[in-house]
1. Provide the FRET efficiency to the nearest 0.05 for the A:Leu197-A:Asp98 pair, computing r from the beta carbons and using R0 = 25 Å.
2. What is the magnitude of the charge dipole of the protein assembly as shown about its Cα centre, with +1 placed on the Cβ of each Lys and Arg, -1 on the Cβ of each Asp and Glu, and no other charges, expressed in debye to the nearest 20?
3. For segment B:74-204, just list the percent of Cα-Cα distances falling in each 5 Å bin from zero outward, please.
4. If you place +1 on the Cβ of every Lys and Arg and -1 on the Cβ of every Asp and Glu, how big does the dipole about the Cα centre of segment A:119-163 come out, in debye to the nearest 20?
5. Using the reciprocal of the averaged 1/r over all distinct C-alpha pairs, how large is the Kirkwood radius of chain A in Å?
6. Based on Cβ point charges of +1 for Lys and Arg and -1 for Asp and Glu, what charge dipole magnitude is obtained for chain B about its Cα centre, in debye rounded to the nearest 20?
7. Any idea which of A:Asn136, A:Met181, A:Thr204 is furthest toward the positive side of the dipole for segment A:108-230, if Lys and Arg beta-carbons carry +1 and Asp and Glu beta-carbons -1?
8. How do B:198-210, B:138-150 rank on mean C-beta neighbours within 10 Å, highest first?
Amino acid sequence: MTATPAADRTRLAHSLVLLIPAVLFGLLVSIQWRTQSERNELTVRYNTPLLDAAKALQNEQSSLKVQLADLRAELDRIQASASTQSGAAKDLQVRIDDLKTLAGLNERTGDGVTITLDDARGSVAAKDIEKSICHNTDLTDIVNQAWRGGAEAIAINGERIVGSSSIYCVGSTIMVNGTLMSPPFSVAVIGPQNELLASFDDPTQLKDIKQRRDVYGLGFRVSRASGLRVPPYRGALNVRYATPR
Amino acid sequence: MRSNAGVIAVTVVALFLGVLVVTQIQAQDVYSRSLQLETPVSLTTLIANLSERNNAIKEEILDLRHRTDTAREAIASGKGSLTEGERQLGQLRVFAGMSAVSGAGITVRVDGAFDERALSDLVNELRNAGAEAIAINTARVGPRTHFGATTDHALTVDTVAVRGPWQVRAVGSPEVMYVAMTRTGGIIGQFQLIYKGTRFDVSKESVLDLPALATPLR
């Protein structure tokens, strides 16, 4: 039985209809597979030992901070017991304690505001990713705005912001006082609530963050908060080069 | 029949195709922050930074152990612990920006257009590089210092206007801070790309004298 030319054409059309999606299918499968395999190779070859080293250093830092806190507490106890011996020692102890409170070395509790900052959730066009995620500069802008609004104490995800604190960014990882953290960020700010809220509501301030919230879905919210607890700074004071004049 | 089979085959393939296209698009759009996905370069930088911080804490632990022992002995011998207390007070006053300080460090000179967010980023970068005390022109930066701008292009440090050219002086390790500022892809390099007409100079200094905070913390 021989096929008519019309039947041949129909078969050819059917084959083409299947061929084009099949080629595309193959292309996509291979792209997907290559992306996956490149990532795995890199991870195995370089990242695993580096990742282990970074985690080990972070764990070491946590235990060093505990030791540091214990020693500070012990020195405080010795000072306090000495301050019962003389009036001068007692006066000195009061001054030290006041200064520790001002410098961020004592825990603070009180009312204020909480700011939450988070990457946009849900799908975002690839070209807009940078605008939809939080950067360390967003956190420095928020901290700056909080001090402007009269903040007395600030902590980001439990890390107290003091005179030596930096909000550092490596790749997509953010580090505050040497502690690695990732979104969502919760910034606890103790201070006068109305002034702080007005400072964050000011449309001329944090324009970039607010625009990215409205257009790209960046998570940014400021809310009134009561009974906030801001922990003390637990890192090194690191005064080695500077001498008082 | 035959034509129905063809339609079904095409539909199945199209469905697969649809699923794959969507998967591919999603893969590109989901931003993951897992440490596992950092590049080896980023991880190496992170490790160097963590290591530096851990060393600083270790040094302080050694110093505190020594001071704790000395204070304990002083009390036991009836001398009291005024010396240790005074030392602690001195250290805290430097840390809180309450005393004028001297020491080695670096100066970053900025001449031209600049803004308060860049100034805040520069201070953040200096702190990350271990700056112990920072001043902008004659205004000392404290733990609660904030930056702003006036309508006539001056910047403000704790509401006090500071006018350009700006001298940002930082006491700390001159080598570490100099490299942190001037490295390829570092903050000064970024500033030079953004503020094209502005001149940025970084120099190491053997002695810098910085004032105390003009308004002490309360």
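1. Working: r = 29 Å, r/R0 = 1.14.
The formula returns an efficiency of 0.30 here.
2. Numbers: 50 positive and 48 negative charges, 102 e Å.
With Lys and Arg at +1 and Asp and Glu at -1, about 500 debye.
3. Taking all Cα pairs of segment B:74-204, the binned fractions are 2, 10, 19, 21, 18, 11, 6, 4, 3, 3, 2, 1, 0 percent.
4. Working: 5 positive and 7 negative charges, 12 e Å.
Computed about the Cα centre, the dipole is about 60 debye.
5. One over the average 1/r among Cα pairs gives 22.9 Å for chain A.
6. On the way: 22 positive and 22 negative charges, 55 e Å.
Dipole of chain B, to the nearest 20 debye: 260 debye.
7. Going by the Cα projections, it comes out as A:Met181.
8. Working: B:198-210: 14.8, B:138-150: 20.8.
Peptide ranking by packing, descending: B:138-150, B:198-210.
Laboratory data are not the source of any read-out in this text; all were calculated from the coordinates shown. Fair warning: this is a prediction, and the values are worked out from it, not measured in the lab. Counting neighbours? That spans all protein chains shown, and the Cβs are built from the backbone with ideal geometry, glycine included.
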